[in-house]
Every structure is written in C-alpha cells, then in structure tokens.
Amino acid sequence: MEDNGAPSPQQAEGLLESAVRYAEERHWDVHPGTWLIEDDGPLRCSCGEPHCPRPGAHPVEDDWVNRATGAPAAIRRLWTELPRASVLMPAGRTFDVLDVPEVAGCLALARMERMDIPLGPVCSTPDRRLQFFVLPGASAKVPDLLRRLGWMPGSVDLACRGDGEYVVAPPSRTVTGGALWARRPTSSNRWLPEAEELIGPLAYACAREAAATRNR
C-alpha cells in the first residue's frame, strides 16, 4: 500500500510555515525531525528502526546540534526537501524549558496566571507533559533552586531541558498525538522569564500532585 502517513498539503505547509515563523519571530533555531509512516501496519518512524523509542520525534541527522538553523531561506529549503519532517528546536540557546507532568503543570499555570507572574510560551507534549519556556542557563540552576525550596533534585518530577536537548514543537505529530501550544508564542511573551520566577509554583504543584496520586 502507498504510504498514507504523509500530511496533506495544508499540514505540510503548516510544518514549514511554523518552522519559519519560529525563526523569524522568535529567533529560535530549528532542525527537521523524523515523521510518522502509516501503511498496512501500525504507525512507524521514518528512520526505519522497528523499535524506535521516539517515533516521529527525533532528529533526522546525528549532527543536529550543529546543523540546526535560524535562517529562513535554509529552513524553507530543508522542509521543501522533507515536507513531512517534525519541527525540533534545540534548547540551551535562546531558551531552556522546565518540563513537568501535565496535571501539575496545569495547576501551576492557573496559579501563576492568578498571581500575574510573567510567563513565556508553554508547550503541551503528546506524552502529557507541559514545557515552560524560560531563559537559557536554567538547567545549571534548577538543582540548587530545588534544594533552596526544600526538595532534593529527583524528589519531584520536574526536569529542565537545556544544552544538547531539544523540544518537539507544534504542529509536529508523534505516535501518541500532536504537540500543542498551551500558551502560544506571541508578542506579549517575547521576553522569557528566569527559571527562579517559575520554579516555586511548579515544584509545589509537582509535589502536591505526586502526594495526591500516592493517596488515591
């Protein structure tokens, strides 16, 4: 059967135009990721690995760190060649992300909005996580920030994605669903917060949700 995992022309245009918009409007570098293929069997990754751990959600090249680009012309060329490619964005350059479980993230997000804490974009991942965009350098700070708040690193489900890691950006699609913006990148959240501004509400929500889960 012909591969019908390819996106429609509208979906392919959405991937290309989103990648270009991230570069032009936010100065975020991007790199093509793998995509999903659907034929007679279940969804599988374009990399060809039968047991791929991240189908549709990993770089197409090993040297992605050095090959990620923020040049719109280069991005258009890449997605013209690979129109189905997911959109990956390297962390540690213009942003890091604080990565928490979806339920805890939603609780923290609502609390921070009530407190008028300045927030950057927030991405909802297909594996039910929320990723809060903060200024780069957060990954080096988070362990100490958690200790100051009374939590040992690893005792709460809060991770920081920084240098050498990447995020899967909307409208990319993985085997578990599509990446979505819980808070879209707009002109009003162009300036990202420091990790220190968000870590308290996020860590508290993660600990509270973990305790509630244990008591169910």
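The values are calculated or read from the model by the stated rules, or taken from the named source; none is laboratory data. Remember, it's a predicted structure, so these values are computed and weren't measured experimentally. In this analysis, Cβ positions are derived from the backbone assuming ideal geometry, glycine residues included, and neighbour counts consider all displayed protein chains. These area figures cover heavy atoms from the full protein model, side chains too; ligands, DNA and RNA do not enter into them. Shrake-Rupley method; radii C 1.70, N 1.55, O 1.52, S 1.80 Å.
Can you give me the ranges of the strands (runs of 3 or more DSSP E) entirely in the stretch 148-216 with at least 1 residues that are closer than 18 Å to Met115 by Cβ? Walk me through it before giving the result.
On the way: elements: 159-161, 166-169, 180-183.
Here the list reads 180-183.
Are any residues in the stretch 167-180 at positive phi and surrounded by 14 or more Cβ atoms within 10 Å (Cβ to Cβ), and if so, which ones? I'd like the intermediate steps shown before the answer.
Residues of the stretch 167-180 that are at positive phi, as a first pass: 177.
Result: no residue meets the conditions.
Check Gly164, Gly150, Gly120, Gly154 and return the single one that is exposed (fewer than 15 other Cβ atoms within 10 Å of the Cβ) and in contact (Cβ under 8 Å) with a residue 24 or more places away in the chain. It would help to see each step written out before you state the result.
Numbers: Gly150 fails: in contact (Cβ under 8 Å) with a residue 24 or more places away in the chain; Gly120 fails: exposed (fewer than 15 other Cβ atoms within 10 Å of the Cβ); Gly154 fails: in contact (Cβ under 8 Å) with a residue 24 or more places away in the chain.
Being exposed (fewer than 15 other Cβ atoms within 10 Å of the Cβ) and in contact (Cβ under 8 Å) with a residue 24 or more places away in the chain holds for just one of Gly164, Gly150, Gly120, Gly154, which is Gly164.
Given the conditions (1) outside any loop (DSSP other than H, G, I, E, B); (2) surrounded by fewer than 16 Cβ atoms within 10 Å (Cβ to Cβ); (3) in contact with a helix residue (DSSP H, G or I) (Cβ under 9 Å, 6 or more places away or on another chain), report the number of the one that Val142 does not fulfil.
(2) is the only condition that Val142 fails.
Quick one: Ala71 ticks every box in (1) modelled with pLDDT under 95; (2) open to solvent by 20 Å² or more (accessible area, probe 1.4 Å) bar one, so which box is it?
(1)
Kindly provide the set of residues from the stretch 130-140 that are more than 10 Å from the chain's Cα centre (by Cα) and either under 22 Å from Arg184 (Cα atoms) or modelled with pLDDT of 95 or more (or both), ordered by number. Quick ask: steps written out before the conclusion?
Residues of the stretch 130-140 more than 10 Å from the chain's Cα centre (by Cα): 134-140.
Val134, Leu135, Pro136, Gly137, Ala138, listed by residue number.
Please work out if Ser124 is closer than 28 Å to Ile37 by Cα, hydroxyl-bearing (Ser, Thr, Tyr) and in contact with a Ser or Thr (Cβ under 7 Å, 6 or more places away or on another chain).
Values: closer than 28 Å to Ile37 by Cα: yes; hydroxyl-bearing (Ser, Thr, Tyr): yes; in contact with a Ser or Thr (Cβ under 7 Å, 6 or more places away or on another chain): no.
No; evaluated as a whole, the condition is false for this residue.
Residues in the stretch 184-209 that are crowded, with 16+ Cβ neighbours inside 10 Å and either touching a Ser or Thr at 6+ places or on another chain (Cβ under 9 Å) or free of Cβ contacts under 8 Å to residues at least 40 places away in the same chain (or both): how many?
3
Looking for whichever is more than 30 Å from Leu135 (Cβ to Cβ), out of contact with any Leu (no Cβ under 8 Å at 6 or more places or on another chain) and either surrounded by 13 or more Cβ atoms within 10 Å (Cβ to Cβ) or modelled with pLDDT of 95 or more (or both) here; the options are Leu78, Leu15, Leu82. Which one fits?
Values: Leu78 fails: more than 30 Å from Leu135 (Cβ to Cβ); Leu15 fails: more than 30 Å from Leu135 (Cβ to Cβ).
When all the criteria are applied, what remains is Leu82.
Considering each of Ala68, Ala104, Ala108 in turn, give the residue that is in contact (Cβ under 8 Å) with a residue 12 or more places away in the chain and under 22 Å from Leu36 (Cβ atoms).
Values: Ala104 fails: under 22 Å from Leu36 (Cβ atoms); Ala108 fails: under 22 Å from Leu36 (Cβ atoms).
Testing whether each residue is in contact (Cβ under 8 Å) with a residue 12 or more places away in the chain and under 22 Å from Leu36 (Cβ atoms) leaves just Ala68.
I'd like the residue in the stretch 85-98 that is in contact with an Asp or Glu (Cβ under 9 Å, 6 or more places away or on another chain) and within 24 Å of Leu36 (Cβ to Cβ) and, out of all such residues, is surrounded by the most Cβ atoms within 10 Å (Cβ to Cβ). Show your work before the answer.
Taking the stretch 85-98 as the starting set, the residues that turn out to be in contact with an Asp or Glu (Cβ under 9 Å, 6 or more places away or on another chain) are 89-94, 96-97.
Adding the requirement that they be within 24 Å of Leu36 (Cβ to Cβ) leaves 89-91, 97.
Numbers: Met89: 26, Pro90: 24, Ala91: 24, Val97: 29.
Among residues in the stretch 85-98 that are in contact with an Asp or Glu (Cβ under 9 Å, 6 or more places away or on another chain) and within 24 Å of Leu36 (Cβ to Cβ), the one surrounded by the most Cβ atoms within 10 Å (Cβ to Cβ) is Val97.
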